[in-house]
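Quick notes on the structure that follows.
The values are calculated or read from the model by the stated rules, or taken from the named source; none is laboratory data. Source: prediction; values computed, not measured. Heads up, the Cβs are rebuilt from the backbone with ideal geometry, glycines too, and the neighbour counts pull from every protein chain shown. Just so you know, the surface numbers come from the protein's heavy atoms only, side chains and all, with ligands and any DNA or RNA stripped out. Shrake-Rupley method; radii C 1.70, N 1.55, O 1.52, S 1.80 Å.
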Amino acid sequence: MTGQDVLTPVRRAFLARTVREQILLAGLAALLALTVIWFGILGPVISWRSDALRAFSRSAEGYETLLVQIEEYRALAAQVTAPQDQEPLRTLADRTARERALAISRVQPLEDGRLGVWMEQADANAVLAWLDALAREQGVVVERISLDREADERVRAQLTLRRVSEAN
């Protein structure tokens with residue numbers, strides 16, 4: 001069956017109409033074609049750039065917020081003094097993370113009393129609040145951190161923790 005065979009019944013039906021109906025059907029077809037062109041092609045092309053700019057702006061704001069929070073954390077970490085009664089760093093990290101509903105997926109003791117900590121699908125704000133509390137209340141600072149965005153407000157975190165008293 002060719003394209004000509006498919007269109008033959010449509011042509012017959014169109015030609016069977018009055019001139020007024022043919023004009024209305026042609027106008028309807030033109031309106032339908034313009035609608036498909038606008039909403040299917042031109043609209044998305046025109047809005048693509050503004051959508052990309054908005055996404056870039058949101059990402060830049062998030063990055064700037066993160067930089068500010070890092071500087072605040074560094075300032076707080078510089079002011080921290082280690083408490084006298086110290087539980088092991090591994091136990092402290094696990095206990096305080098569980099208190100904040102954070103799941104540590106892997107822990108690895110490192111040299112010089114440092115501790116490697118991994119988290120999967122953790123809430124970014126909860127991780128930063130946990131690190132802030134560790135620094136202020138327990139004298140534990142982050143030596144190295146890597147945060148990879150997994151989804152909205154979710155991150156994969158790799159941290160190296162150490163006590164302030166073990167810095168020197």
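For region 89-101, the criterion of being assigned to a helix (DSSP H, G or I), open to solvent by 90 Å² or more (accessible area, probe 1.4 Å) and either in contact (Cβ under 8 Å) with a residue 24 or more places away in the chain or touching a Pro at 6+ places or on another chain (Cβ under 8 Å) (or both) is met by at least one residue.
Is it fair to say Thr65 is under 15 Å from Arg162 (Cα atoms), of a type in the set (Ser, Thr, Tyr) and loosely packed, with under 13 Cβ neighbours inside 10 Å? No: the conditions fail for Thr65.
I want to confirm something. Restricting to region 138-167 and keeping residues that are of a type in the set (D, E, K, R) and under 19 Å from Arg95 (Cα atoms), which single residue is modelled with the highest pLDDT?
Among them, the one singled out is Arg162.
If the condition is being closer than 16 Å to Thr160 by Cα, without any contact (Cβ under 8 Å) to a residue 40 or more places away in the chain and exposed (fewer than 15 other Cβ atoms within 10 Å of the Cβ), then region 104-122 contributes Ser105, Arg106, Gln108, Pro109, Glu111, Glu120. Annotation note: Cβ proximity below 6 Å between a residue of region 123-136 that is farther than 12 Å from Val155 by Cβ and touching a residue at least 12 places away in the same chain (Cβ under 8 Å) and a residue that is of a type in the set (Ser, Thr, Tyr) and outside any helix (DSSP H, G or I) (sequence gap 6+ or interchain) occurs for no pair.
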